[in-house]
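The values are calculated or read from the model by the stated rules, or taken from the named source; none is laboratory data. Quick caveat, the model's predicted, so the values are computed rather than measured. Please note: Cβ atoms are built from the backbone with ideal geometry, for glycine as well, and neighbour counts cover all protein chains shown. Just the protein is used for accessible areas: all its heavy atoms, side chains included, with ligands, DNA and RNA removed. Shrake-Rupley method; radii C 1.70, N 1.55, O 1.52, S 1.80 Å.
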Amino acid sequence: MNWAIKEKDYSQRRACQLVGMAPKTYRYVSRRPDDGEVRIRLRALANERRRFGYRHLHILLAREGHRLNHKNLFRLYRAERLGVRRRGGRKRALGTRAPMALPQAMNQRWSLDFVSDALACGRRFRVLAVVDDFARECLALVADTSLSGLRVGRELDRLVALRGRPALIVSDNGTELTSHAMLRWQQERGVAWHYIAPGKPQQNGLRASMAGSATSA
């Protein structure tokens, strides 16, 4: 188009007719705002949470004040080639690389995870264990045959009403704890969350030891 107009001195309309393009399409100028800052933050979050897809990253960006719809985010996600590689097992979200500081007071850090067992009839059930890492106190043991992310959020709200809000919660990368419901709970309550590395239960060892003792009792 540009060559035909500049070198052959064709009119814009004639050049468009030759290539089969509408003149309005040729004259169109994008009014899309600059998204450089969002791209940088998107890459940083994707590097920290390597198993998070664009929907989870959308929630994290909204938490930081970046307002864009999911279609625009998906466009940037694809342009940056951040697609999560599929694998055989279930997806696990990596936590941040920063080491956790030791708690110096109650409610500075809670740890939570699930343990499981079976009834005499063979029916499986799960127990949600919540521990205050400073006091080494088991705050809750919630047993049920099904414990979704919404249910976990309700149980945490009940504990917060009784004991106050924790500064940080530590957990593994279970599907209930990385669900949209739990990410929204973190955002709305203003609670920081640290995911331990997959295959490293010792990073949350206090919770595992106390929960194991409780279920065996």
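Taking the range 106-150 as the range and being among the acidic types (Asp, Glu) and either within 24 Å of VAL191 (Cα to Cα) or crowded, with 18+ Cβ neighbours inside 10 Å (or both) as the test, the residues that pass are ASP113, ASP132, ASP133, GLU137.
Hey, among the residues in the range 159-171 that are assigned to a loop (DSSP other than H, G, I, E, B) and either open to solvent by 60 Å² or more (accessible area, probe 1.4 Å) or out of contact with any Phe, Trp or Tyr (no Cβ under 7 Å at 6 or more places or on another chain) (or both), which one's farthest from ALA62 (Cα to Cα)?
GLY164
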